[in-house]
Each structure stands twice: as C-alpha cells, then as structure tokens.
Amino acid sequence: MMNPSIHTKRCLPLLISGYLIAFVLTAHAQQAVKSDTYQLAENIRYRPDTVQDTYSKERCVLDVYYPENGNDFPTVVWFHGGGITGGEKFIPNELKEKGLAVVAVNYRLSPKVKAPTYIDDAAAAIAWVFKHIEEYGGNRGKIFISGHSAGGYLVAMVGLDKSWLQKYGEDADKLAGIIDFSGHAITHMTIRAERGIKDTQPIVDEYAPLYHVRRDAPPFVLVSGDREQEMLGRYEETAYFYRMMKVVGHPQVYLYELDGFDHGAMASPGFHILLHHVNELTKVAPEVADAQEIATSFNNPLDVAFGDPYVIYDDAIGRYFMYGTGGGAKNGFSVYSSADLANWKNEGQVYHASNKNGWSDSTAAWGGAYWAPEVYAHKGKFYLFYSAQWKDNPGKELENFRIGVAVADKPTGPFIDLQSRPVFDPGYPIIDANVYFAEDGRVYLYYSRCCYKHAVKSEVADWAKQKGWFDEIEESWVYGVELKPDFSGIIGEPVLLLRPPEKMDDAQAEWESRSVTSREVNRRWTEGSFTFKHGDTYYMMYSANHFAGENYAVGYATAKSPLGPFTKAANNPVLEKNTAKGGEVTGTGHNSVVFLPDGRMLCVYHGRTKKTGDERVVFIDEMGINEHGVLTVLGPTTAR
C-alpha cells in the first residue's frame with residue numbers, strides 16, 4: 001500500500017481495550033485539595049531504626065511532596081530508574097502541583113546488594129506509605145505505585161507478587177493502581193548479570209513480573225517507548241506482558257506505545273497518562289472553574305456531525321460554542337453549545353450566505369463550499385472567518401474558494417459579512433482560515449492554498465509517475481500574513497510557512513504522502529492549520545493527506561515568530577487513524593485546541609468510525625506539551 005522505502009510510524013495510544021481516555025483532570029487540586037502550596041519532607045527513613053548498616057541508612061530513605069493543607073488526596077509512590085545500579089530519588093516536575101502527593105524513593109543498588117534486596121526495599125517503602133500517608137493528609141485507599149525502567153520493574157514485582165507487601169503487613173490488592181513506565185517484564189537484566197547471564201538472554205523466573213500475572217491484581221497501566229527506539233526489545237516485552245494479563249482475565253490493564261520517544265524520553269509524555277489514570281481510578285469530580293464545567297468523559301465520538309470543528313468559550317454566557325462544516329447547515333454554518341464539552345445542543349444555523357453583504361456563490365460546486373468556520377471574540381464582537389466559493393469567477397474555475405469574515409453581537413449570531421467581498425484575493429483558491437492575535441496587538445491570518453491546478457515537482461511526484469500511478473502531484477501549502485486591524489484586508493505579502501516534503505528521505509515524507517503512496521489521489525495536502533503560543537514558542541498544528549480519506553492525520557511545527565520559519569516536529573504525526581492497532585477511527589484531522597483555565601489543553605478534531613461511515617463526527621481528546629516542548633495528543637479514543 002505504501003512505498004516500502006518510506007518508514008511507517010505509529011502513534012499513541014497503541015491499545016486502549018475499549019477504555020475511553022478523557023483528558024487529564026487534575027481535579028484533585030480543585031476539589032479534595034484546597035491548598036495552593038506544597039511541602040517537601042526529605043530523607044525520611046522507611047526502614048526501622050534498628051537497621052544500623054551505613055549503606056541502608058544512606059539509601060533506604062524517601063521524600064514526601066504533598067499539598068500543605070490538603071486532605072483525602074491520592075499519592076503516587078515514584079521509583080527512579082537506572083538499571084538497579086544507579087539513580088537518585090526525585091519528584092517529577094510533571095507531577096508537581098497536581099493536587100496529589102508524590103513519594104520519591106531511594107533503594108539499595110547492585111553490586112553492593114544482590115537480588116532480591118532492592119525488591120524488598122521497594123516493598124518496605126510502599127508499606128511505609130500505607131502506614132503514614134494519612135499523617136500528611138493523603139488517603140491510604142488512593143495509593144498508586146509507579147516508576148520508570150528499573151523503577152517500573154520494581155513496582156510491577158511488588159504489585160503482582162503479593163508476598164512482598166505481606167511481609168510488612170500490607171495487601172498489594174489495596175493499591176489503587178500500578179503504572180509501569182518501560183520496566184522489564186522478564187527477569188531484570190541486572191539480576192541476570194548477577195548470575196553471569198548476558199542481557200540478551202531472557203529468562204522468566206520468580207523475579208520476573210511475567211511470572212506473577214494474575215487476574216485479581218490492581219488496575220495495571222503499561223507504558224512503552226517507540227518499539228523501534230526502545231532498548232532490548234522492551235516494547236515487545238511489554239506487549240507480551242499486557243497480552244498475558246489479558247489472557248488470565250485481568251479486567252483493567254492498559255498498554256500505550258509512545259511514538260517517537262526512546263527509552264529515556266518516554267517518561268515525560270508518560271506522566272500525562274499517569275495523571276489521567278490517577279484521576280479516573282480515584283473518580284474525583286471536578287469543581288467548576290471560572291464558570292466552566294468540565295466533563296470527565298466525552299463519550300467519543302460526540303453526537304455532532306461536523307467536519308473542521310472549532311470551539312470557543314463565552315464568559316458572558318458561561319457556555320462553549322462549537323462551529324464546523326456541515327452539521328445540517330445549508331449555505332452557511334450552524335453552532336452547537338455545551339456547558340461541559342460532553343453534552344451538546346444544536347443552536348441552529350447562525351450564518352446564511354444570503355445575508356445583505358453575502359459575496360459567495362451557493363450554486364457553485366460543493367453547494368458553495370461553506371467550509372471550516374472559526375469564530376473569535378474581539379472587542380465586544382464575534383467574528384466568523386470561513387471559506388466559500390467566490391461568485392466573481394470569470395474563468396469558471398471549479399475551485400474558486402476565498403476567505404470571508406462575518407460579524408455578530410453574540411456567538412449564536414446572526415453573522416453578517418463585514419463586506420461584500422472576500423478579505424483578499426491572492427489569485428488562487430484558498431481555504432481554512434485561522435487567526436492568531438499576537439501579544440503586540442498584531443493579528444495574523446493563516447490559510448491553505450488549495451491543491452487545485454498547483455502541480456509541484458518533488459521526488460514523491462517523480463516516484464509516483466515512475467510507478468505509472470499519476471502524471472503529476474498537486475499540493476496545498478500553508479501561508480501566513482498580517483491582517484489589517486479591522487479585518488478588511490491584509491498587510492504585506494503572504495509568507496509560505498508549510499508545504500509537503502520535496503525529498504523522499506525527509507522524515508515527514510511517509511506520513512504526509514499517504515494519499516499518494518496508497519494510490520488514493522494525486523494530491524498532497526498541508527491544511528487545517530491552528531496556531532498558538534506556548535511559552536516563547538509558536539506552535540502550528542496542521543493536517544495532511546486527503547480530507548475525505550482514511551489517511552487524514554495531524555502534525556505540528558514550531559517557530560519563534562508568528563510568520564516563521566516553522567520547523568516540523570520529529571514526532572509527527574501526533575494524531576492519525578488507529579485501525580492498524582485494533583481501533584476503528586480513521587480520517588482524523590483539521591483540529592482546533594481548547595485552552596482550559598488551569599493551563600490544560602484539549603484537541604478537538606473530526607474523524608470517522610465504522611458506524612459513522614463517510615460522515616465526519618467530532619472527537620475531543622487531551623493533548624499536552626512537555627518540558628522539552630514536545631506536543632502529544634492522547635487519541636483517537638472511542639467509547640461507543
């Protein structure tokens with residue numbers, strides 16, 4: 001189906017097992033926990049004072065990071081990695097100020113000690129948390145154990161083999177969950193090394209988590225890096241671990257593969273998964289924040305038949321409003337509203353092309369092509385940017401799209417075109433308007449030049465022609481330009497920002513060329529852009545491939561200026577079909593982003609399922625950006 005010389009990538013999550021991933025709600029900080037400050041108690045000994053040897057005193061200590069005035073909060077007991085031969089306890093930045101306690105544990109290391117000493121240390125530390133966390137305000141019924149690499153191995157051993165905690169009078173089944181970041185499922189390589197066995201020789205014995213798989217274990221979350229970048233077959237090891245837990249009948253085991261992340265780097269995006277499961281498994285309902293009620297589940301796909309969805313929040317009304325292509329609108333656009341992002345009400349059509357300043361041609365192809373509406377609150381008004389067929393078409397072009405802007409006093413309209421013409425005419429068809437309001441007061445318009453009559457030379461085009469598939473490949477490109485303050489036109493000339501790769505060996509070529517390599521159509525798209533600023537970096541999310549096909553997918557690029565230059569991300573695509581991994585979602589793309597008051601982000605996009613067929617429907621999934629600036633989307637997810 002694809003050119004075998006182009007590498008196929010995978011995205012997260014690998015397998016969800018019918019489980020709906022909502023967005024990560026750190027609702028603990030909003031409800032049970034009322035503290036805005038956190039305390040850190042350091043170097044607490046978790047073994048009794050009767051233990052006198054110097055090395056035990058040095059290593060058998062832990063730190064407790066907790067909400068100062070909180071109560072009933074969950075706790076994550078975190079074990080560092082380092083191959084059981086190195087490493088130091090630390091509080092992960094991604095878990096700070098999230099309304100929970102974090103207990104960071106040190107344990108004794110090989111070669112100063114041998115197995116099973118470090119497993120016993122892990123058990124002793126977890127038992128200490130059971131016995132003491134209530135002194136800090138935590139709930140002993142909400143204790144999660146987690147760790148990366150060697151730490152993941154330790155929590156898997158202690159959580160599955162009940163004998164370790166029984167020694168200290170505690171029951172492993174009382175754990176709220178086990179979250180294993182890329183830990184060994186077989187006997188750990190350091191234990192094998194202690195026996196003179198090389199790290200490429202796997203064994204499974206009583207020191208292998210695989211040996212202890214059981215159906216009645218606590219909820220179990222397995223997170224792996226990219227299978228092509230993990231160490232020593234760790235992904236495949238983890239996948240087999242997952243499968244055996246399923247085989248024995250465990251009802252709550254989850255497996256994630258984080259594409260583009262190696263063994264070390266996978267921990268950072270993994271914390272988003274950890275926080276999600278902590279929230280879900282402790283079932284804390286969110287408190288209303290700034291009048292915005294936030295649902296814990298979106299029940300994807302939503303019962304909203306939009307393409308190109310775009311969501312805003314209106315403070316005055318206290319509701320979210322979603323605009324999109326289709327949704328029952330005729331020659332215009334409809335809107336849905338919601339208080340919680342999960343339950344949506346159809347508010348009817350809010351823009352009609354026949355308004356007094358209408359400039360489009362509703363009789364043209366695709367019913368006038370009223371596509372991709374986006375609405376922005378600005379200076380007390382609401383402005384709707386959209387694309388449509390322009391009635392000024394002396395050349396009788398099939399695709400004569402331009403971008404217009406209409407205004408209303410409220411998000412439910414009615415929207416009236418600002419002027420009886422498009423915003424500007426670049427001399428070629430354009431769609432997918434996106435607007436960015438910069439901190440310095442400038443306003444920027446981003447749009448996609450259509451593929452129509454825009455054949456471009458590239459190695460991919462040459463390859464497709466050599467195959468006898470297509471004589472030429474047309475492309476769409478994303479441009480940016482400054483808007484006049486009153487939106488009546490543009491300032492300066494448009495700047496080319498994104499285009500499909502020219503070279504076959506470009507890291508983006510495989511996923512951005514799937515419409516061609518699958519022989520779907522002779523076009524490569526770069527469209528549906530959404531631009532925002534995070535820290536000092538500008539992010540542009542965009543969609544590639546045929547909007548009506550299964551390969552539609554989302555990537556992103558970054559820049560230090562609103563008009564670039566933009567550099568595409570190494571972990572693209574961040575959102576794509578999941579059918580190869582047991583899912584049923586295809587055609588994921590043209591997203592927007594909802595920014596919640598507490599800094600969290602939600603990715604709103606359209607896709608298709610077997611049930612919806614060719615009809616596009618809306619999905620909402622969590623997304624995040626880690627401390628290294630890497631953007632990830634936890635989707636696509638489905639619940640029905």
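The values are calculated or read from the model by the stated rules, or taken from the named source; none is laboratory data. Because the structure is predicted, anything quoted here is derived from the model rather than measured. Heads up, the Cβs are rebuilt from the backbone with ideal geometry, glycines too, and the neighbour counts pull from every protein chain shown. Side chains included, ligands, DNA and RNA excluded: accessible areas come from the protein's heavy atoms. Shrake-Rupley method; radii C 1.70, N 1.55, O 1.52, S 1.80 Å.
When ligands, DNA and RNA are left out and all protein chains stay put, how many square angstrom of accessible area per residue does the range 196-244 have with a 1.4 Å probe?
47
I'd like the orientation of helix 267-282 relative to the chain: the angle between its Cα long axis and the longest Cα principal axis, in ° from 0 to 90, rounded to 10.
For 267-282 against the chain, the angle is about 80 degrees.
How large a share of the accessible area of the range 96-148, in percent, is made up of carbon and sulfur atoms when the probe is 1.4 Å and the other protein chains stay in place?
That fraction is 47 percent.
Using R₀ = 30 Å, calculate the FRET efficiency as 1/(1 + (r/R₀)^6) where r is the Cβ-Cβ separation of L398 and E520; round to 0.05.
Rounded to the nearest 0.05, the efficiency is 0.95.
Assuming a ≥ b ≥ c are the square roots of the Cα gyration tensor eigenvalues, decide whether the range 141-240 counts as rounded (a/c under 1.5), prolate (otherwise, with a/b larger than b/c) or oblate.
Oblate is the answer for the range 141-240, as a/c is 1.5 or above yet b/c matches or exceeds a/b.
What number, in percent, do you get for the relative contact order of the range 516-615 if the mean sequence gap of Cα pairs under 8 Å and at least 6 apart is divided by its residue count?
Relative contact order for the range 516-615 comes out at 20 percent.
Using the beta-carbon distance between T85 and V247 and R0 = 41 Å, what value does 1/(1 + (r/R0)^6) give for FRET efficiency, to the nearest 0.05?
So the FRET efficiency works out to roughly 0.80.
Restricting to the chain, compute how many DSSP beta bridges are antiparallel as a %, nearest 5.
Roughly 75 percent of the DSSP beta bridges within the chain come out antiparallel.
With the calculation restricted to Cα positions, what are the radius of gyration and Dmax of the range 25-183 in angstrom?
14.7, 45
Starting at 0 and stepping by 20 Å, how many percent of the alpha carbon pairs of the chain end up in each bin?
19, 47, 27, 7, 0
Kindly work out what percent of the DSSP beta bridges joining two residues of the range 350-480 are antiparallel, to the nearest 5.
Bridges in the range 350-480 that DSSP calls antiparallel: roughly 95 percent.
What distance in nm separates the two pseudo spin-label positions at K198 and Y240, each 7 Å out from Cα along the beta-carbon direction?
1.8
Which percent of the accessible heavy-atom area of the range 395-545 goes to carbon and sulfur, probe 1.4 angstrom?
45
At 0.36 nm per residue, minus the direct Cα-Cα distance, what do K581 and E502 gain on full extension? Give it in nm, one decimal, please. Mind dumping the intermediate values first?
Numbers: separation 79, 0.36 × 79 = 28.44 nm, distance 2.95 nm.
Result: 25.5 nm gained on full extension.
Among 82-88, 603-609, 260-266, how do they line up from the highest to the lowest mean number of other beta-carbon atoms within 10 Å?
Per-residue Cβ counts within 10 Å, averaged per peptide and sorted highest first, yield 603-609, 260-266, 82-88.
Order these peptides, 99-107, 57-65, by their mean beta-carbon neighbour count within 10 angstrom, highest first.
The most tightly packed comes first, giving 99-107, 57-65.
For A455 and R227 in one chain, what is 0.36 nm times their gap in residues minus the Cα-Cα distance, to one decimal in nm?
Contour length minus Cα-Cα distance gives 78.4 nm.
For the ranges 386-392, 67-73, 525-531, what's the packing order if you count other beta-carbon atoms within 10 Å of each residue, average per peptide, and put the highest first?
Most protected by this proxy first, the peptides run 525-531, 386-392, 67-73.
Could you compute how much accessible surface V204 exposes when probed at 1.4 Å, giving the result in Å² to the nearest 10?
That residue has around 80 Å² of solvent-accessible surface.
Where does the chain land at 222 nm, in deg cm²/dmol rounded to the nearest 500, when only DSSP H runs of n ≥ 4 count, each adding -39500 (n - 2.57), divided by all residues?
Taking each H run of at least 4 residues, the total per residue is -4000 deg cm²/dmol.
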